[in-house]
1. Quick check: residue separation of residue 21 and residue 280 times 0.36 nm, minus the Cα distance between them. What number comes out in nm?
2. Please report, largest first and rounded to whole Å, the three semi-axes of the ellipsoid equivalent to the stretch 3-88, where each semi-axis is the square root of five times an eigenvalue of the C-alpha gyration tensor.
3. Can you compute the charge dipole magnitude of the stretch 311-425 about its Cα centre, using +1 on each Lys and Arg Cβ and -1 on each Asp and Glu Cβ, nothing else charged? Give it in debye, rounded to the nearest 20.
4. Output ³J(HN,Hα) for the stretch 376-383: one whole-Hz value per residue in order, computed from phi by the Karplus curve 6.51 cos²θ - 1.76 cosθ + 1.60 with θ = phi - 60°, and x for Gly and Pro.
5. As an exercise, identify the GluC sites (Glu not before Pro) in the stretch 140-189 lying in DSSP coil whose Cβ has no more than 16 other Cβ atoms within 10 Å.
6. Taking 7 Å along the Cα-to-C-beta vector as the label spot, tell me the residue 28-residue 304 distance in nanometres, rounded to one decimal.
7. Can you compute 3J(HN,Hα) from phi for each residue in the stretch 307-315, using the Karplus curve 6.51 cos²θ - 1.76 cosθ + 1.60 with θ = phi - 60°, rounded to whole Hz and x for Gly and Pro?
8. Taking the Cα centre of the stretch 3-88 as origin, work out the dipole magnitude from +1 charges on Lys and Arg Cβ and -1 charges on Asp and Glu Cβ, in debye rounded to 20.
Amino acid sequence: MSEQNRRSRIEGAVLRRGDADYETARARALWNELKPDRYPDLIVRAACERDVQEVLKLAVSSGLRLAVRAGGHSWCGSPLRDGGVLLDLSGLNQWEIDADSATATVQPGVIGSRFAKELARRDLAFPAGHCPSVALGGYLLSGGLGWNSGLWGVGCASVLEITAVTADGEVLRCTEEEHPGLFWAARGAGPGFFAVVTGFRLRLRPRPTALAATSYVFPLTAVGPVADWATGAARELPANVEQSFLLAAENASGVPDGPWPEVVVVTATAFANSHTEAVDALRPLRSCPLSERPLSRRLDEPTSLSVLYDANLDLWPEKHRYAADTLWSHEGYASLLATLCDAVARAPSGKSFVLAPVSPVSREDELLRNMAFSVLGESYVVPYAVWTDPAHDDVNVHWLRDAMRAMEPFGTGHYIAEADLTADPSRARQSFTTADWQRLRSLRAEYDPQGLFFSYLSA
């Protein structure tokens with residue numbers, strides 16, 4: 001069958017490089033305004049699940065490799081590759097919720113915040129991503145550090161089943177019992193996954209009906225004692241409290257009661273079923289014994305998931321340019337944040353910040369079994385370079401990489417979802433345990449022996 005005939009069998013839009021709408025589609029492939037100079041030969045926006053099989057056939061018959069995009073939130077632009085086919089799954093955005101069994105089936109283009117809002121109407125919840133515009137497909141494939149993950153686990157721990165289209169065009173139902181290797185890889189392999197997932201069946205949770213938040217804002221110079229106090233308090237917090245540090249420059253969005261000079265913000269959110277329960281969960285943070293007085297303090301304030309999503313829109317505003325990287329470590333937060341506060345103070349953009357979630361994964365070890373997602377340290381940090389002027393691209397990317405080089409002595413690995421896979425050829429490998437990396441390589445050879453799917457950037 002000719003390429004033209006194969007293209008005619010695809011219901012969705014098919015754009016070849018040079019077509020009038022190609023550059024618009026290429027730019028829309030990434031949410032980040034920083035677009036890498038990488039150009040697919042074809043961009044196809046699937047209109048239905050059958051399109052996925054047709055696109056794979058087209059790629060094979062044309063001798064082209066395949067990259068996949070769901071929501072386009074990859075900071076380093078993993079879906080955009082030179083040559084090949086970019087398969088855009090954002091149009092596959094349907095869901096079915098079964099409240100009786102507390103399960104749902106979702107397509108990869110479903111936006112997490114919209115799904116969460118629909119679940120709330122049924123008194124159900126799911127650990128979707130913190131940024132409201134993130135789609136579930138790439139988020140779940142990469143592991144998924146989302147809301148209330150200290151109690152519920154990473155997002156992929158709640159994936160019960162996937163539907164995957166493999167390199168040979170076969171549609172497989174994958175669970176722990178059926179095609180368990182592919183199921184294992186789909187829960188954490190991220191942008192190097194070697195099939196196309198068109199559906200996820202998810203385990204849902206009862207919706208927490210009362211949320212409350214406590215926050216403190218301190219001068220950045222107090223980061224050492226603040227980190228010691230807050231991490232000590234974290235050991236007394238129950239699993240349903242999500243705590244994080246934010247190191248921010250004076251113009252960063254999302255800082256309570258700003259603007260301030262450079263600050264360290266401690267935030268904790270309790271996901272509970274009554275305000276009394278939430279307040280009790282936050283009790284270890286009720287008093288702060290530090291001699292350094294906080295610039296701002298808010299205790300036990302009622303909140304909601306909608307409010308939290310709005311706050312994160314401020315943290316990651318649209319129409320900005322971003323670069324990010326991640327680090328797992330066994331070092332304590334006091335040492336990690338002391339090193340990073342020097343970087344924040346030198347940031348060329350006042351919008352840049354560092355986020356450090358405390359205990360970002362479930363304390364229940366069984367939730368971390370049978371998945372490619374790897375927890376590689378006790379501490380976790382993510383520096384974000386944020387700016388708007390294209391003329392400042394180089395200086396901001398260099399700032400991020402200088403900050404990460406300063407952190408390397410403390411590092412034990414990276415998180416594949418937000419790691420800068422263009423910074424170092426070993427970044428992808430260092431995002432998994434040695435055994436998991438070897439298993440991923442073996443499974444890729446089994447399911448994609450001809451290398452139809454692009455692997456990790458720089459891998």
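1. Additional length available on full extension: 87.7 nm.
2. With the √(5λ) rule applied to the stretch 3-88, the semi-axes are 21, 13, 12 Å.
3. Rounded to the nearest 20 debye, it is 160 debye.
4. 10, x, 8, 10, 8, 9, 9, x
5. Answer in residue order: 170, 176, 177, 178.
6. 3.1 nm
7. Per-residue couplings from phi come out as 5, 5, 5, 4, 5, 6, 5, 5, 6 Hz.
8. Roughly 160 debye, rounded to the nearest 20.
Every number here is computed from the coordinates shown, using simple stated rules; none is lab data. What you see is a predicted model, and the numbers here were worked out from it, not measured in a lab. Methodologically, a virtual Cβ is constructed for each residue, glycine included, from the backbone with ideal geometry; neighbour enumeration extends over all protein chains shown.
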